[in-house]
Amino acid sequence: MLYCIHIPSPCVSPSFSEQSMSLTEIEIGQISKLEELLDYAFRDRELALHALSVPTIANGNSYENYQYLEFYGDRVYNLCVITLLNQKHKMRVSPRKLDARMKHVVSNSHLAKMAQRSGLTNLALKDGKIFQAVTKRHASDIMEAVYGAVFIDSGNDFATIFNIHLALEENTTPLSKSAPISPQQNAAL
């Protein structure tokens, strides 16, 4: 099923597209690995760099690290999840049941597991160097930032990010298997 939705681009800092950054070999390598992981080539590789960059005092501006993209990507990720749930259930379950399912799938814990299993946590950068002390919080934030970066980079093409979402879910934690279900939840579903 092909999706084509156009949403006007958000205001993005000039840092994303107008200023040219010189990328280090490490940064280029991590971005290339991200592109391979996602099967997506960034038009603006600075977006990819920002998505992978853990905040520091030196890059505290939210547009110089993943914070802006994480905020934006959180909404994009939620839209991907609800779209997939809607496709799967075709309005045969109550909103209460969908909400219970969605709460787990959009949790930081689930996002961190997706990031870990996909290998995304191995791509984190801090001050231009590979960052190995990635916490669960960093992992979930980077995952959301990647969603935001791809969505913005693709010109807000929902089909692009949704197809990446499907691949990440399939290769890491399929939606149908991702949430531990209690006996009460199982009866409700």
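The values are calculated or read from the model by the stated rules, or taken from the named source; none is laboratory data. What you see is a predicted model; the values in this text were computed from it and never measured. Please note: Cβ atoms are built from the backbone with ideal geometry, for glycine as well, and neighbour counts cover all protein chains shown.
Which one is modelled with the lowest pLDDT among residues in the stretch 37-61 that are of a type in the set (Gly, Ala, Ser) and more than 14 Å from Asp127 (Cα to Cα)?
Within the stretch 37-61, the subset of a type in the set (Gly, Ala, Ser) is 41, 48, 51, 53, 58, 60.
Within this subset, residues satisfying the condition of being more than 14 Å from Asp127 (Cα to Cα) are 41, 48.
Values: Ala41: 98, Ala48: 95.
If we take residues in the stretch 37-61 being of a type in the set (Gly, Ala, Ser) and more than 14 Å from Asp127 (Cα to Cα), then Ala48 is modelled with the lowest pLDDT.
Can you name the residue in the stretch 108-150 that is of a type in the set (Ser, Thr, Tyr) and under 14 Å from the mean Cα position of the chain (by Cα) and, of all such residues, is farthest from Ser32 (Cα to Cα)? Steps first, answer last, please.
Narrowing the stretch 108-150 to residues of a type in the set (Ser, Thr, Tyr): 109, 118, 121, 135, 140, 147.
Adding the requirement that they be under 14 Å from the mean Cα position of the chain (by Cα) leaves 109, 118, 121, 140, 147.
On the way: Ser109: 26, Ser118: 15, Thr121: 14, Ser140: 20, Tyr147: 16 Å.
If we take residues in the stretch 108-150 being of a type in the set (Ser, Thr, Tyr) and under 14 Å from the mean Cα position of the chain (by Cα), then Ser109 is farthest from Ser32 (Cα to Cα).
Could you check the stretch 40-138 for helices (runs of 4 or more DSSP H) lying wholly inside it with 2 or more residues that are charged (D, E, K, R) and touching a residue at least 24 places away in the same chain (Cβ under 8 Å)? Walk me through how you get there before you give the answer.
Details: elements: 45-52, 67-89, 95-105, 108-118.
Helices (runs of 4 or more DSSP H) meeting the threshold: 67-89, 95-105, 108-118.
Considering only residues that are within 18 Å of the chain's Cα centre (by Cα) and of a type in the set (Gly, Ala, Ser), look in the stretch 1-36 and name the one that is modelled with the lowest pLDDT.
Among those residues, the one meeting the criterion is Ser9.
Looking at (1) modelled with pLDDT of 95 or more; (2) surrounded by fewer than 18 Cβ atoms within 10 Å (Cβ to Cβ), which is the one condition that is false for Leu166?
(1)
Let me spell it out: the conditions are (1) more than 15 Å from Gln30 (Cα to Cα); (2) modelled with pLDDT under 90, and Gly128 meets all of them except one. Which number is the exception?
The one condition Gly128 does not meet is (1).
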